[in-house]
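Asker: Got a structure for you, written out below as structure tokens; questions coming shortly.
The values are calculated or read from the model by the stated rules, or taken from the named source; none is laboratory data. Values in this document were obtained by computation on a predicted structure and should not be read as measured data. Reconstructed Cβ throughout: ideal geometry from the backbone, glycine too, with neighbour counts over all protein chains shown. Only protein heavy atoms, including side chains, enter the accessible area calculation; ligands, DNA and RNA are left aside. Shrake-Rupley method; radii C 1.70, N 1.55, O 1.52, S 1.80 Å.
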Amino acid sequence: MRSKRGRLIAKGGRGELALLERIRRQANRPATGELRLGIGDDCALLRMKPGEEMAVTTDLSIAGRHFHLEWHPPEAVGHRTLARGLSDIAAMGARPVAAFLSLGLPRELTVTPGRRPAWVDRFLAGFLALADSHHTPLAGGDLAESPMVVADIVLLGAVPQKEALLRSEARPGDLLYVTGSLGGSAAGLAVLRERGASVSRASLRDPKADNALAPHLWPQPRIAQGLWLRRHHAATAAIDLSDGLSTDLDHLCAESGVSAVIDAALLPLHPGATLEQALHGGEDYELLFTAGPDISLPRLITGIAITQIGTIAKRRSGQPNVVLIRESGLRRPLLPGGWQHFS
């Protein structure tokens, strides 16, 4: 985090500099091999290992669009902010190196209400807990006063040169797989909307307290699975499921110049999720990947189930990128129905 003179400086330990120091204390972790210098200077200093490329991703979270202050606890907002970036790193088969966080906050969310921690401190607790679990130091960022909460995350990862998993390498004949289960986040969001303020505090703060809410509030980026696929040269192409299976698979097909056929009966639905939520819900942050038909994959990769859901085929002019086979055997085009801004 960096501070600019004259912005939000207040008496009595408040203001940007005081908040910066609070963040620095909470984020103070031992330096990693790549991170030579973190929070406190104008720039962080990173040293990559010989033969590695840097993977860089950024993601923006905005109150009222990606989360709701009245529904989502601050810890979950922090967790989800980082999870979005880590999921992109996982899809490339990279290992996370460092995170950079820029926050725009209303002043009242930086103030400690009595003996309870401030909203921003709870946000950081969720953010840093996930960061610690993936050995990803918070190396810097920026702060600003804002009429709404905005969290911008930049994630840096490392991957051996020319070994990154790409969206563009799927080939006809490949098999199509997903990690974990689908639709859990959309189903959890529906439950959260229905319950509102009646959701128990344990459900909101403990990833294991409520199976209906956990996939939405506490998504788990598949870093270990992405690393396994890359190290074993098992995947030909990969993408993370952030916007929904129908939309993200369409992206993969477009980048690879192929089409796909998926079987609804094979989709691993999260308990309580509908087929429509699995196809279009988004924010599952599972990995969608392709592998050659001669590749033998285990049922589990580092404890997470792997499910074949379809195949990759040649693209034909005038035909849809993705075809869905319903339980009845009826085939129909599967158009992108997940999240798209400005649509």
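Asker: Which ones in region 264-282 are surrounded by fewer than 20 Cβ atoms within 10 Å (Cβ to Cβ) and in a loop (DSSP other than H, G, I, E, B)?
Answerer: Listed by number, the residues that qualify are Pro268, Pro271, Gly272, Thr274.
Asker: Now for a different question. Please tell me if Asp152 is closer than 30 Å to Leu19 by Cα, open to solvent by 10 Å² or more (accessible area, probe 1.4 Å), within 16 Å of the chain's Cα centre (by Cα) and in contact (Cβ under 8 Å) with a residue 60 or more places away in the chain.
Answerer: Answer is yes for this residue.
Asker: Checking Ala98 against (1) within 19 Å of Ile223 (Cα to Cα); (2) outside any loop (DSSP other than H, G, I, E, B); (3) modelled with pLDDT of 95 or more, which single condition isn't satisfied?
Answerer: Every listed condition holds for Ala98 apart from (3).
Asker: Take Leu176 and decide whether it is at pLDDT below 95, over 17 Å from the mean Cα position of the chain (by Cα) and either crowded, with 21+ Cβ neighbours inside 10 Å or part of a loop (DSSP other than H, G, I, E, B) (or both).
Answerer: In short, no.
Asker: Next up: Cβ-Cβ below 7 Å, separation at least six or inter-chain, first residue in region 110-137 and within 22 Å of Leu156 (Cβ to Cβ), second among the β-branched types (Val, Ile, Thr) and surrounded by 15 or more Cβ atoms within 10 Å (Cβ to Cβ): which pairs?
Answerer: Every condition considered, the pairs that remain are Phe123/Val77; Leu124/Ile23; Gly126/Val77; Phe127/Thr81; His134/Ile223; His135/Thr32; Pro137/Thr32.
Asker: Filter region 53-66 down to residues that are open to solvent by less than 40 Å² (accessible area, probe 1.4 Å) and in contact (Cβ under 8 Å) with a residue 60 or more places away in the chain, then give me how many there are.
Answerer: 5
Asker: Conditions: (1) open to solvent by 40 Å² or more (accessible area, probe 1.4 Å); (2) part of a strand (DSSP E or B); (3) among the β-branched types (Val, Ile, Thr). Ile309 meets all but one. Number of the miss?
Answerer: The single condition Ile309 does not satisfy is (1).
Asker: Which of (1) part of a helix (DSSP H, G or I); (2) among the basic types (Lys, Arg); (3) in contact with a Ser or Thr (Cβ under 8 Å, 6 or more places away or on another chain) does Arg167 not meet, given it meets every other one?
Answerer: Here Arg167 clears every test but (1).
Asker: With at pLDDT below 95 and either out of contact with any Gly (no Cβ under 8 Å at 6 or more places or on another chain) or not aromatic (Phe, Trp, Tyr) (or both) as the only criterion, which of Ala260, Ala209 stands out?
Answerer: None of the others qualify; the one that does is Ala209.
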